[in-house]
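Worksheet: one structure, shown below.
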Amino acid sequence: DQGLQQTKENFLSKITKAIAGKSTVDEEVLDNLEEALVGADVGIDTTVQIIDRIEKRVAKDKYLNTTELNNILQQEIESMLVDAPSANSYAFDSELPSRPYVIMVVGVNGVGKTTTIGKLAHNFNKAGKNVLLGAADTFRAAAVDQLTIWSERAGVPIVKQDMGSDPAAVAFDTVQSGVSRGSDVILIDTAGRLHNKAHLMEELSKIRRVMQKVIPDAPHEVLLVLDGSTGQNALEQAKHFTAATDVTAIAITKLDGTAKGGVVLAIANQFKIPVKFIGVGEKMEDLLVFNKHEFVDSLFN
Ligand code: GDP
């Protein structure tokens, strides 16, 4: 994929270098491979797991050439990525599991949360769905303004209140309005302040509780947005958010401008939460529905 060019080149060249000039997999190849994976931001824990699995295969099959190594590496990496549970996996144009389908979007400021919401709104709208946005990040005036711009771009309505108003009140208004308008999809933006974990947890819980007064099983999805170009920082953020609320899906942004795409593997493996979307640019069209097979394939071929 064009958007993933840099990630791919980086990943592939590191692996190629690790096994260059070698015909069989020995200690040195494994050492080089370990270094290459860490360098591609796969993360220590996930790298150790991958190397472990390959060592076991080498021990079992006695002899392994580097072409076989490449294949095994692809298989092992693919098996580490989690599939979305079927209730949560959908295409933009397929029928959604409930109506309205409420997606609460969480993540730290600057990761591309608003942009991702805009892209999702555009994609759902293009597929013929009625979309409604809720601007529940009321702490920054810029957040509401940005979301308003995206609502205009995507051609979908938005529910907002004054800056500083209660985020839960905005969420409540949004779901209520969505029900009365007959919206198919409701996307709720939330504030991404991480400085106080207890506060974050409390705020997200309150938004949930309030929404559930209108739609008892909302939110149907909690989408965590992470910036793929921040490497291991993204992992730290995932730790905080998964501790604060029940995250059901992940979107990883900015994979176009980075060589750090290995973080996708680290996140998917460590948190066992499906990566559903990847952002590969700033424009409305630059959102891909994540497919683990295609992703791994694009890293290696
Ligand atoms: P928020 O604070 O999390 O809502 O972040 P924004 O949505 O405002 O995005 C922050 C910046 O990242 C903006 O300049 C976006 O254009 C940019 N951005 C968002 N997603 C992507 C992406 O997938 N690729 C690139 N290259 N830039 C992105």
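So that you can scan it fast, the table gives a plain yes or no per residue for (1) within 14 Å of the ligand (Cβ to nearest atom); (2) under 18 Å from the mean Cα position of the chain (by Cα):
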{"position": "D93", "(1), (2)": "no, no"}
{"position": "V102", "(1), (2)": "no, yes"}
{"position": "L120", "(1), (2)": "yes, yes"}
{"position": "L133", "(1), (2)": "yes, no"}
{"position": "D137", "(1), (2)": "yes, no"}
{"position": "A143", "(1), (2)": "yes, no"}
Legend entry - Residue list for the stretch 262-288, filter: within 12 Å of the ligand (Cβ to nearest atom), open to solvent by less than 20 Å² (accessible area, probe 1.4 Å) and part of a loop (DSSP other than H, G, I, E, B): G281
Inset, instruction - Answer yes if at least one residue in the stretch 194-203 is open to solvent by less than 10 Å² (accessible area, probe 1.4 Å), in contact with a His (Cβ under 8 Å, 6 or more places away or on another chain), more than 19 Å from L132 (Cβ to Cβ) and within 16 Å of the ligand (Cβ to nearest atom), and no otherwise. - result: yes
Inset, instruction - Just one of (1) touching a helix residue (DSSP H, G or I) at 6+ places or on another chain (Cβ under 9 Å); (2) of a type in the set (G, A, S); (3) closer than 21 Å to H220 by Cα trips up A143, so point out which. - result: (3)
Legend entry - Positions within the stretch 1-41 being open to solvent by 40 Å² or more (accessible area, probe 1.4 Å) and part of a loop (DSSP other than H, G, I, E, B), in sequence order: D1, A20, G21, K22, S23, D26
Legend entry - Yes/no for D256 being among the charged types (D, E, K, R), closer than 26 Å to V275 by Cβ, surrounded by fewer than 23 Cβ atoms within 10 Å (Cβ to Cβ) and in contact with a strand residue (DSSP E or B) (Cβ under 7 Å, 6 or more places away or on another chain): no
Legend entry - Qualifying residue in the stretch 193-207 (condition: in a loop (DSSP other than H, G, I, E, B) and over 30 Å from G257 (Cβ atoms)): yes
Inset, instruction - Looking at (1) surrounded by fewer than 24 Cβ atoms within 10 Å (Cβ to Cβ); (2) within 15 Å of the chain's Cα centre (by Cα); (3) not in a helix (DSSP H, G or I), find the lone condition where L224 falls short. - result: (1)
Inset, instruction - Return yes when I44 is open to solvent by 80 Å² or more (accessible area, probe 1.4 Å) and aliphatic (A, V, I, L, M) and no when it is not. - result: yes
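The values are calculated or read from the model by the stated rules, or taken from the named source; none is laboratory data. Since the model is a prediction, treat every value here as computed from it, not as a measurement. Every residue, glycine among them, receives a Cβ derived from its backbone with ideal geometry; neighbour counts consider all protein chains shown. These accessible areas exclude ligands, DNA and RNA; they are computed on the full protein's heavy atoms, side chains included. Shrake-Rupley method; radii C 1.70, N 1.55, O 1.52, S 1.80 Å.
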